[in-house]
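S.K.: Take a look at this one; I'll ask things after.
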Amino acid sequence: MVKPDDFFVMATWLQGAKQDEMALRTVINRAYYAAFLEFARYADLLELPEVRGGVHEKKIEGVIALWLPRDHPDYSRQEALRKSAYLLNEIKSWRVKSDYRLDRSIYQANAKEVVARVIKIRNLLTSLGTPRSYSLQ
């Protein structure tokens, strides 16, 4: 069975093995999906506000739209998840460019930046511990 981490392992392996543009586009794609799939494990446990968009946008923007008061026991969890959503939103635009904007060049620096942001997202999500739901009440 494939796990979100397998996408990241493939992205980093490919990043080290190949430097051509097609490989760099694939690195960005696989790294994004590694982060998104792990992020979704947390987002799927929450009652997210209704937002417009596709599956990815609904999860990302839904988490960004969450609000808890600072004195709520899950405030720090929410903030870590929101930070990961903001980062994911940024790299999603790179994933879209790498998959659909074939008229735009993708460079090694772009792939490195995406992988670095995915590492930040993975660290934020790891800091949350096991995915669990929390109440907005």
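Nothing in this text is a laboratory measurement; each read-out follows from the coordinates by a stated rule. The structure presented is a predicted model; accordingly, all values stated were derived computationally and were not measured. Here the Cβ positions follow ideal geometry from the backbone for every residue, glycine too, while neighbour counts run over all protein chains shown.
S.K.: Conditions: (1) closer than 19 Å to residue 12 by Cβ; (2) without any contact (Cβ under 8 Å) to a residue 24 or more places away in the chain; (3) of a type outside the set (Val, Ile, Thr); (4) surrounded by 15 or more Cβ atoms within 10 Å (Cβ to Cβ). Residue 109 meets all but one. Number of the miss?
M.R.: Just one mismatch for residue 109, condition (4).
S.K.: Using beta carbons and a limit of 7 Å, which pairs, at least six apart or on different chains, have the first residue in segment 28-41 and part of a helix (DSSP H, G or I) and the second one buried (at least 21 other Cβ atoms within 10 Å of the Cβ) and of a type in the set (S, T, N, Q)?
M.R.: 28/98; 29/98; 39/84
S.K.: Please determine whether any residue of segment 87-100 is in contact (Cβ under 8 Å) with a residue 60 or more places away in the chain, among the β-branched types (Val, Ile, Thr), farther than 16 Å from residue 128 by Cβ and in a loop (DSSP other than H, G, I, E, B).
M.R.: No, segment 87-100 contains no residue that is in contact (Cβ under 8 Å) with a residue 60 or more places away in the chain, among the β-branched types (Val, Ile, Thr), farther than 16 Å from residue 128 by Cβ and in a loop (DSSP other than H, G, I, E, B).
S.K.: Could you tell me whether any residue of segment 64-72 is in a helix (DSSP H, G or I) and on the phi < 0 side of the Ramachandran plot?
M.R.: Yes, the conditions are met somewhere in segment 64-72.
S.K.: Can you pull out every residue in segment 42-55 that is under 14 Å from the mean Cα position of the chain (by Cα) and surrounded by 14 or more Cβ atoms within 10 Å (Cβ to Cβ)?
M.R.: Those that are under 14 Å from the mean Cα position of the chain (by Cα) and surrounded by 14 or more Cβ atoms within 10 Å (Cβ to Cβ): 42, 43.
S.K.: Residue 17 passes all but one of (1) surrounded by fewer than 21 Cβ atoms within 10 Å (Cβ to Cβ); (2) in contact (Cβ under 8 Å) with a residue 12 or more places away in the chain; (3) under 30 Å from residue 107 (Cα atoms); which number fails?
M.R.: Result: residue 17 passes all but (2).
S.K.: Within segment 58-72, work out how many residues are of a type in the set (Gly, Ala, Ser) and surrounded by fewer than 18 Cβ atoms within 10 Å (Cβ to Cβ).
M.R.: Of the residues in that region, 1 qualify.
S.K.: With the requirement that a residue be touching a Ser or Thr at 6+ places or on another chain (Cβ under 9 Å) and within 15 Å of residue 124 (Cβ to Cβ), what does segment 78-106 give you?
M.R.: Within segment 78-106, 80 is the sole residue that qualifies.
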